[in-house]
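Data block below; observations after.
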Amino acid sequence: MNKSINLKNRPSGKPILEDFKFEDIETPEAAEGQLLLKTLYVSVDPYLRGRMRDEKSYIPPFKVGEPLESMVVAEVTESKNENFKKGDFVSGMLKWKKIQISDGKGLNKIDRNLAPLSAYLGVLGLTGITAYLGLEKIGKLKEGEHLLVSGAAGAVGSVVGQIGKIKSCKVTGIAGTDEKIETLKEKYGFDSGINYKKTGNIKSAIAEACALGVDVYFDNVGGEILDAAMASMNKYGRVINCGAISIYNAEEQPTGPRLETVLIKKSISMQGFTVRDYAEDFPDAIKQLAQWLKEGKLKYEETVVEGFEKIPQAFLDLFEGKNKGKMVVKVN
Ligand code: NAP
C-alpha cells in the first residue's frame, strides 16, 4: 500500500505530530517520459518549518491537505524516460510518499560506490554544499583566522568547522550538549566548544573561547546566540546568516539589540543567503567535498531514524537537538 504524509494544519509555535496526516494513496503508474520511484531516504530539515507558514518566501509554502516534500534519495523501479533506467539511484526534491512518479526534471543520479546513499542528503547534499559555499562565497575565510560556528554539531555546522580546520583556522563551535562538544573536539578537530545550554553567560563564554576575537561567524541559529557573537566580532569580520532555528517557531519575531553601530564601528559585513543562490557552483562544491571525504579530511555523522511513519517525529526532533550530524529517515 502506498502512503503519503500531508500537512494537516499550519502549526502555531512548535509543530506537533497532529499537524501531519498519513494517507493511504493509490500506487501510480509511470506514463511515457516518466519514472516510478521508491523512496529510500528522506531528509528532514529545519527550513521546512518556514514552508509550513502561509507566507511568501524564496520557496512556496506547503498547501494544507497536500503532501510535504524535501530532499529524498529514491530508487528508479521502472523507467519510461530515456535519461534514467531501472535500478538507478537519484536524489531530488520529492514528495513524502513511499512511491511516486516523476518526469525526471531536477533529479540527479547518484553513485552509491562513491558514498553511501544517505550521504547525498548530508555531507554530499545540500547541507554540505551550504557549509562549503557559505564559507567560500561570504565568509572568505583566510588561514589563521578565528571561525565561530553555531549549530556546530549539526549537518551544516559540523562541515563548516571542519572546513575551517582544513583552511588552518582556529575553530570554536557552539552546540547544545556536552557529548556534542566532545565530538566537535575529538572527531572533528575543533579547538574549543561551548555548550550554550549550560553556559550562564553566552557572551562571555564566546569572548573567553575567542580571546583574540572572531573573524568569521557562521550563524545557524540566530536569536540570542547571534546577539552574543556580535560582541566578539573583529574589525572587518564577516557574519554569515545561514539559518535561525532558534526563532523558526516564534509566533512573533523577537527583536534584538540594534546592530548598526556595531557593524559601522568594526566595518563588519553581515550577509544572508540561501544555498540555491549559488546553484551554478554546486558541481564544484560536491567535487571538493567528495575529494576531502576521500582523503579522510572530512568526517561526517548521521542520525538515521528508521521507518516512513517516523518522518514527522524526526523533523520535530531537530528542534530538540536530538540529532548529531545530518538527520535522515531510512524508509526501506
Ligand atoms: P542541524 O544543525 O543538523 O539540526 C538542527 C540543530 O539546531 C539541532 O540539532 C540543535 O542542536 C540546534 N537547535 C535547535 N533548536 C535550537 C535553539 N533554539 N537554539 C540553538 N540551537 C538550536 O540542521 P541543519 O540542516 O544543519 O541546518 C542548520 C541551520 O542552517 C538551520 O537554521 C537551517 O535552517 C540552516 N540552513 C540554511 C541553508 C541555506 O541555504 N541558508 C541551507 C541548509 C540549512 P543543539 O543540540 O546544538 O541545540
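Since every read-out is calculated from the coordinates, none of them should be taken as a lab result. Because the structure is a prediction, the values reported are computed rather than measured. Glycine gets a Cβ as well: all are built from the backbone with ideal geometry, and neighbour counts include every protein chain shown.
Counting other Cβ atoms within 10 Å of each Cβ, which trypsin sites (Lys or Arg not before Pro) in the stretch 82-122 have at most 10 and sit in a DSSP loop?
Lys105
Along the stretch 217-231, what does the Karplus equation 6.51 cos²θ - 1.76 cosθ + 1.60 (θ = phi - 60°) give for ³J(HN,Hα), rounded to whole Hz, x for Gly and Pro?
So the J values, rounded to whole Hz, are 10, 9, 9, 9, 10, x, x, 5, 5, 5, 4, 5, 5, 4, 5.
Counting pairs of Cα atoms in the stretch 188-325, how many percent are more than 26 Å apart? Provide the component values of the computation, followed by the final result.
On the way: 3783 of 9453 pairs.
Result: 40 percent of Cα pairs exceed 26 Å.
Contact order normalised by length for the chain, with contacts defined as Cα pairs under 8 Å and 6 or more residues apart; what percent is it?
So the answer I get is 17 percent.
Considering Cα pairs under 8 angstrom that are at least six residues apart, work out the relative contact order of the stretch 1-123 and quote it in whole percent.
Relative contact order here is 29 percent.
Quick one: of Lys56/Lys97; Lys63/Lys297; Lys198/Lys330; Lys56/Lys299; Lys109/Lys297, which pairs are farther than 30 Å apart, Cα to Cα?
Lys63/Lys297; Lys198/Lys330; Lys56/Lys299
Between Ala31 and Lys322, what FRET efficiency comes out of the Förster formula 1/(1 + (r/R0)^6) with R0 = 41 Å and r the beta carbon distance, rounded to 0.05?
FRET efficiency, Lys322 to Ala31: 0.50.
Taking the highest mean first, how do the peptides 201-207, 28-34 order by number of other beta carbon atoms within 10 angstrom per residue?
201-207, 28-34
Taking Cα pairs under 8 Å and at least six residues apart, what relative contact order does the stretch 126-276 come out at, in percent?
Relative contact order here is 22 percent.
How much length, in nm to one decimal, is gained on full extension between Asp277 and Tyr58, taken as 0.36 nm per residue of separation minus their Cα-Cα distance?
77.8 nm
Does a label point 7 Å from the Cα of Glu136, set along Cα-to-beta-carbon, have any residues of the stretch 182-198 with amide nitrogen under 14 Å, and which are they?
The answer is none.
Please enumerate, by chain and number, the aspartates and glutamates with C-alpha under 17 Å from the C-alpha of Lys142, excluding those fewer than 8 residues away in the same chain.
Within reach: Asp191, Asp215.
Just to confirm my numbers, what's the Cα centroid distance between the stretch 47-117 and the stretch 20-39 in Å?
Answer, in whole Å: 11.
Taking all pairs of different Cα atoms in the stretch 126-276, averaging 1/r and flipping that mean, what Kirkwood radius in angstroms comes out? Walk me through the numbers before you get to the answer.
Details: mean 1/r = 0.0665 Å⁻¹.
With all distinct Cα pairs of the stretch 126-276 included, I get 15.0 Å.
Taking the highest mean first, how do the peptides 270-276, 230-236 order by number of other beta carbon atoms within 10 angstrom per residue?
Order by mean packing, descending: 230-236, 270-276.
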